[in-house]
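Comments concern the structure below.
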Amino acid sequence: MDWSPVVISLKTAAVSMVITFLLGVWAAGRVAMAKSPGCKAVVDGLLTLPMVLPPTVAGFFLLLIFGVKRPLGRMFLEIFGVKLVFSWAAAVITATAISFPLMYRAARGAFEQVDQNLIHAARTLGLGERRIFWAVIMPNAMPGVLSGAILAFARGLGEFGATSMLAGNIAGETRTLPLAIYSEVAAGSFKTAYPYVWIIVAISFAAVAVMNALAAPRGQKGRGKRRIRRFGWLEKDKPGEKGHESSGRD
């Protein structure tokens, strides 16, 4: 069995996951904190669009952007001497573009579920919005954000349509696991396709198991309160709750 599709797929999915994680967290944070409902709806729709478009349509748009005769593709070729289409970089671009909405939606949902009382308490202490995001929102939303990253990895691993249009099906260079399965089945070699199928099924099952583990309740609310206390917010502001705890001990 040729192991190059496995290596190419894992490498592509890992690199695209890192890029998608950074872009998705940034975009989700900006959209979640946006104050204009109309602007938020338009931006959210544009960022989510690749998730509902057919992969071949997404690949078509990527060709219009990164094609050799297109401005961006021509710029990379003339300035950096890099031809993006039909290269491993194109596989990373397609995996990133297709998996981005999953990361973005998961991160935005996790940010919006953070207890608003923790955010208000941090603001009363004079913390800036950026510090609140990294010290309060991000730690409490981390399970959902990590679940989105794992989901994006699995989606990038299984990308087929857009990859075949922008990166091609070049053995040893852009042939990922889905493309290898397609090539072997098209050639009538089902025996060679079986190992690739089971490998991608095993990785996908592992991704689902990790997401379920991250989704398990872990006392998120209490963890957020402890983190707020680091900045000086004490539960002495809640005398009723303190009295209730004392009566419980009595």
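Under the condition of being among the polar types (S, T, N, Q) and over 15 Å from residue 103 (Cα atoms), the residues counted in region 9-54 number 3.
The residues listed here are 102, 118; of these, the one that is touching a helix residue (DSSP H, G or I) at 6+ places or on another chain (Cβ under 7 Å), in a helix (DSSP H, G or I) and within 30 Å of residue 158 (Cα to Cα) is 102.
Of the listed requirements (1) surrounded by 14 or more Cβ atoms within 10 Å (Cβ to Cβ); (2) over 17 Å from the mean Cα position of the chain (by Cα); (3) of a type in the set (Lys, Arg), residue 108 misses just one: (2).
Residue pairs whose Cβ atoms lie under 9 Å apart, sitting 6 or more positions apart in sequence or on different chains, and linking a residue in region 44-56 that is under 12 Å from residue 159 (Cα atoms) to a partner that is outside any helix (DSSP H, G or I) and acidic (Asp, Glu), are 55/159.
The residues of region 52-105 that are over 29 Å from residue 215 (Cβ atoms), under 21 Å from the mean Cα position of the chain (by Cα) and crowded, with 22+ Cβ neighbours inside 10 Å, listed by number, are 59, 62, 90, 91, 93. Helices (runs of 4 or more DSSP H) fully within region 144-250 that include at least 3 residues being modelled with pLDDT of 90 or more: 161-166, 177-186, 190-215.
Taking residue 122 as the residue in question, decide whether it is at pLDDT below 90, of a type in the set (Gly, Ala, Ser) and buried (at least 18 other Cβ atoms within 10 Å of the Cβ). The answer is yes for residue 122.
The values are calculated or read from the model by the stated rules, or taken from the named source; none is laboratory data. Here the structure is a predicted model, which is why all the values come from computation and not from measurement. With ideal geometry, Cβ positions are generated from the backbone for all residues, glycine too; neighbour counts draw on all protein chains shown.
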